[in-house]
Amino acid sequence: MPNIVVKDLKKFYNVGTEAEVHALDGVSFDVEPGEFIVILGASGAGKSTLLNILGGMDQATSGEYLLSGENVVKYNDKKLQELRRKKIGFVFQFYNLMPNLTALENVALSASVAENPFDAEETLKDVGLKGRLHNFPSQLSGGEQQRVAIARALVKNPELLLCDEPTGALDSKTGAAILSLLMELAERYKKTVLVVTHNAKIADVAKRVMRIADGKIVEDIHNPSPKKVDEISW
Ligand SMILES: Nc1ncnc2c1ncn2[C@@H]1O[C@H](COP(=O)(O)OP(=O)(O)OP(=O)(O)O)[C@@H](O)[C@H]1O
Ligand SMILES: [Mg+2]
C-alpha cells in the first residue's frame, strides 16, 4: 500500500489577480514505502512548492495529500506543526543549521521534538562525523554541514525524508558523496526519500524519476537499472 497518495494537488498564488500563479497545477502520484524518488525540473517548475506542501510547511489550494491515510490538505496549523515535528525530516540546499549549536546539539535538538527518535550521537556517526560531534557549523566544511543536516533530519526517524537540492551548494565530488550517503541511509533505515533537483545527472541514479514542468508532472519513469553514483559525471 502506498504511504503517500497525491491527487490533483494545486497551489495557486495571488488568486483572482492578474498575477495569478499556478505553482502546482493538478499534480497526482503515489509513493510506496521505502521508495527513493528524484523529482527533476527547471527553476520555477514548482519543485520547492511541492516539497513544502509534502513537508507540512505550506498548504495546498486544493486536492488531496494522503500521508498514511490522512488527508493533510485538511490539517489546521496545529496538526501541520505536529506533522513537521513527528513525521518529516527536511534537508535544505544551504543546510540551515543553528550556528550557535554544535553538530551534536543541532541533531539532539531535532531528536527532542520527535516521537521515536534515534540516538543523536549514533546518527552522527552513521553520517561519518564521529570526530566532529562538538564542532560548530562554522568549523565544518559544506559537505560536513550537509552531513549534520542529514543526521538532523534522519534522527527523528521520520516517515518521509524530503531533500530540496541537497547537493546544490557543493562541488561535484562532495555532492556525489552526499548523494551516495542519502541513498545508502535510505536503504539502511528503510526511509521513503524524495529529492528535488534541477540537475538531470542526479536523476540517473534513481529507480524512479518524476519530471515536473509548469506545475505539472510531465513524466514518471521507473528505471530498473539506475547508474551508481560514481558512474555519473556532473
Ligand atoms: N509565495 C509565493 N507567491 C507567489 N508566487 C510564488 C510564491 N512561491 C513560489 N511562487 C511561484 O511559484 C512557482 C514555483 O516556484 P518554486 O519555488 O516551487 O520553483 P522551484 O522549482 O523550486 O524553482 P528553483 O529550482 O528555482 O528553486 C514560481 O513561478 C514562483 O515564482
Ligand atoms: Mg526550489
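Using a simple spin-label model with pseudo-atoms 7 Å out from Cα toward Cβ, residue 213 and residue 188 lie 3.9 nm apart. Converting the Cα gyration tensor eigenvalues of the range 17-79 into ellipsoid dimensions via √(5λ) gives semi-axes, longest first, of 20, 18, 10 Å. For the chain, DSSP calls about 55 percent of its internal beta bridges antiparallel. Take the Cα of residue 1, step 7 Å toward its Cβ, do the same at residue 228, and the gap between the two points is 3.8 nm.
In plain terms, the C-alpha convex hull of the chain casts an average shadow of 12.8 nm² when viewed from every direction.
A straight chain from residue 28 to residue 94 at 0.36 nm per residue would run longer than the Cα-Cα distance by 20.9 nm. With coordinates expressed along the principal axes, the C-alpha atoms belonging to the range 54-153 extend over 45, 26, 20 Å, beginning with the largest.
Dimensions of the range 1-120 based on its C-alpha atoms, expressed as ranges along the principal axes with the largest first, amount to 47, 35, 29 Å.
Helix 172-189 and the longest principal axis of the Cα set of the chain meet at an angle near 80°. Farthest toward the positive end of the dipole of the range 174-234, out of 182, 196, 212, is the Cα of 182, where the dipole comes from beta carbon charges about the Cα centre.
Each reported figure results from applying straightforward, stated rules to the coordinates on display, with no laboratory input. Remember, predicted model here, so these are calculated numbers, not experimental data. Quick reminder, even Gly has a Cβ in these numbers, built from the backbone with ideal geometry, and neighbours come from all protein chains shown.
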